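The block underneath contains the structure these notes are about, expressed in structure tokens.
The values are calculated or read from the model by the stated rules, or taken from the named source; none is laboratory data. Note that the structure is a prediction, hence the values are computed from the model and not measured. In this analysis, Cβ positions are derived from the backbone assuming ideal geometry, glycine residues included, and neighbour counts consider all displayed protein chains. Each accessible area value is taken on the protein alone, full model and side chains, heavy atoms only, with ligands, DNA and RNA left out. Shrake-Rupley method; radii C 1.70, N 1.55, O 1.52, S 1.80 Å.
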Amino acid sequence: MTTAQAPPNLVGMSGGTLRDAFGRALVELARERDDLVVLDADIAGGTGTHHFRDACPDRFYQFGIAEQNMMAAAGGMASLGLLPVVTTFAVFCLRAVEQARLSIAYSGRKVVIAASHPGLDVGPDGGSAQCFEDLAAFRAIPGMAVLSPADPLEMRAATRAAIEWDGPVYLRTGRSPAPCVTVEGAPFELGRGSVLRDGSDVTLVACGVEVARSLAAAEELEREGISARVVNLHTLAPVDDALLERCSRETRAFVTAEDASIRGGLGSTVAESLARTAPAPIEMIGIDDVFGTSGEPEELAAHYAIDAPAIAAAARRVLVRK
Amino acid sequence: MTIAASESTRALAERALSVRRGLIAAIHHAGSGHPGGSLSATDLLVWLWENLYREAPPNAADGGEQFVLSKGHACAALYAVGAEFGLIERAELLRFRKLGSPLQGHTHVVDLPWTGASTGSLGQGFSVAIGKALALRHRCLPGAVTVILGDGELQEGEIWEGAMFAAHHGLDRLCAIVDYNKMQSDDRNENICGLEPLPEKWRAFGWHVTEIDGHDLDAIGEAIRAARAHEGAPSAIVAHTLKGKGVSFMEGSPLWHGSVALSADETGRALRDLGAGEDEIAAWLAGSVPA
């Protein structure tokens, strides 16, 4: 595979979080461009933007706990040459989806909306805080790029790509320490998925924290003699149709894995794409029509069957359907 | 800014009548639209264009005067002002709300950059205006931001999020004008969700507040000048207006909020009320631009 990267470095918990990598990346980018401003709704410590607040206090705007005003005001700021990065938790982005739609995307404004604490990753805060619907909601907005990077290293590259992309971007970060699955300096191209592990029997397509779990599932499947390819589909929109089509022709079976609702999220994204190019059986790992509950992220992953054993089991199921 | 002499005020009042006739014709040919709130906001818009935006339209990306009609359903008035001041062809008014026209049923800033914001979801234009005021200050650009709000719009929580924010950040180059015609889509404000005491609400949120007759062109000018002179806090102008202003059968009636189809007979009567002669009425009704 020409697109395969160096083997994944499954070193367990790196200690790094996506949100921390995001906050530090903003500080780096701020040195390069003076149009960058960061908007916060009283959770800078949670979103990682405290790094930016401390480094660039005159470019950090505190909106208070008022996400609707923050989101639409970002559109106004963009109309006068600033590049606003709106930051809050994923679930509170939902509160301002309509502002993102009208005052950012429809208005042709370049704004980056960065959401931390997505999905089960929120953990003990419970069902009200665990947002599974964001990928579906933002993916449905015309022209909105939707990114969900896999690890802190990729987060850094994705933040730069989101800033440089010509259009509005919804960027999922993350709360919990995440294992590293990419390597320093790996190329990141918005809109192009990457093959992290080659395989020929089935393709595991994942985003966010599910990429590491898919790699672990692929290891497990290999012990059974099943060759699983792992695709990191960090960009849900615009989706990499060509890569998915190629994987379909080469492996003829898919498992999608996401810490989000499969209804409108990655599962839907892959199914929509393949239905138009090279249909193949798909098993979808993710949240299916239920709300979350309190618990630690890893135990919740097992509880809601989005952990590595669940992905491996889905691969076995889909192989029967080939 | 020059103080409007009474003669020029009379001339401006004539322009306001011309704008009102244009918006009535536009809504008639569209087959739908919002005449009541367009007529109540017309004098505010005409004053702003005559005195602030005549030389250059607002909302340039490099600063200067910025403007948002947050009550975007009243855009027929904004389009008619645009036609009056040469930003769009008068004939375009007859294509209001029609496929292919940039004059959509609510403003779309990609099609018409001088409108400042895409509107149609109440509350958002106010936040966009706040973002503009913040950006002007951040980039040390000249200019000021004026935003026209509806009264029913003030029931949106986003308005009060923004009001708190703008005062907290001392955005004194922001002026919000409330087109206070006391009516909204279904009924009078007081029967839907009362707004009073309205000036006190804005004051309590930390704004500099004045109250005026929103159809008195001299009073509008005086209040806007005072707002621009005020330092340290944003300004709110509570402009008492009449829904349907200038059209006898619409004045003071929420029935004409919209989205209403104006019949040829109603359009003729409205245009007559607004000072049109029979030739002009015939031309508008025939779908042509009066001489």
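At a glance:
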read-out	value
Whole-percent carbon and sulfur share, accessible surface of segment B:3-72, 1.4 Å	50 percent
Residues of chain B: accessible area per residue with a 1.4 Å probe, Å²	36 Å²
Complex-versus-alone comparison for segment B:150-168, residues with a loss of 30 Å² or more in accessible area, probe 1.4 Å	B:Glu158, B:Glu161, B:Phe165
Gap separating the Cα centres of segment B:173-187 and segment B:94-118, nearest whole Å	21 Å
Assigned charges on the beta-carbon of Lys, Arg, Asp, Glu; segment A:49-106 dipole about Cα centre (debye)	60 debye
Two-site label geometry, A:His303 and A:Arg316: point separation in nm, points 7 Å out along Cα→Cβ	2.5 nm
Square roots of five times the Cα gyration tensor eigenvalues for chain A, Å	32, 19, 19
Accessible solvent surface per residue of chain A, calculated while the other protein chains remain in place, 1.4 angstrom probe, Å²	35 Å²
Whole-Å semi-axes of segment B:141-291's equivalent ellipsoid (Cα gyration tensor)	34, 19, 13
Net +/- balance of residues flanking A:Asp240 in space, Cβ distance below 12 Å, scoring K and R +1, D and E -1	-1
Degrees separating the helix A:67-78 axis from the principal Cα axis of chain A, which is the longest one	80 degrees
Three-way shape label, segment A:14-179, alpha-carbon gyration tensor, a/c 1.5	rounded
Shielding by partners - mean other protein chain Cβ count within 10 Å, residues of A:50-62	1
Value of relative contact order over segment B:46-130, rounded to a whole percent, pairs C-alpha under 8 Å and six or more apart	33 percent
Within the accessible area of chain A (1.4 Å probe), percent carbon and sulfur	51 percent
Two-decimal Rg to Rh for the protein assembly as shown - Kirkwood Rh, Cα set	1.06
Relative contact order (%) - criterion: Cα under 8 Å, at least six apart; region: segment A:194-320	29 percent
Total accessible area lost when A and B pair, probe 1.4 Å, Å² to nearest 100	2200 Å²
Residue with peak Gaussian network fluctuation, chain B [Cα springs, cutoff 10 Å], from B:Ala60, B:Ala223, B:Ala163	B:Ala60
DSSP-defined beta bridges in segment A:14-179 - what % are antiparallel, rounded to 5	5 percent
Average beta carbon contacts from partner chains per residue of B:6-13, 10 Å cutoff	0
FRET efficiency, 1/(1 + (r/R0)^6) with R0 51 Å, evaluated for A:Glu28 and A:Thr277 via beta carbons	0.85
Set of lysines with alpha-carbon distance to B:Lys201 below 27 Å, sequence-local pairs under 8 removed	B:Lys71, B:Lys132, B:Lys182, B:Lys243, B:Lys245
Cα-based shape type of segment B:1-110, given that a ≥ b ≥ c are square roots of the gyration tensor eigenvalues and the cut on a/c is 1.5	oblate
Segment B:144-198 - percent relative contact order, Cα under 8 Å, separation 6 or more	49 percent
Among A:Gly185, A:Gly264, A:Gly127 - extreme Cα towards positive end, dipole of chain A, charges at beta-carbon	A:Gly264
Dipole in debye (nearest 20) - the protein assembly as shown, about Cα centre, beta carbon charges: Lys, Arg +1; Asp, Glu -1	880 debye
Evaluated over segment A:194-320, the Cα radius of gyration and Dmax, each in Å	13.3, 41
Span from the segment B:204-278 Cα centroid across to the segment A:143-197 one, whole angstrom	50 Å
Other protein chain Cβ atoms within 10 Å, averaged over every residue that makes up B:137-144	2
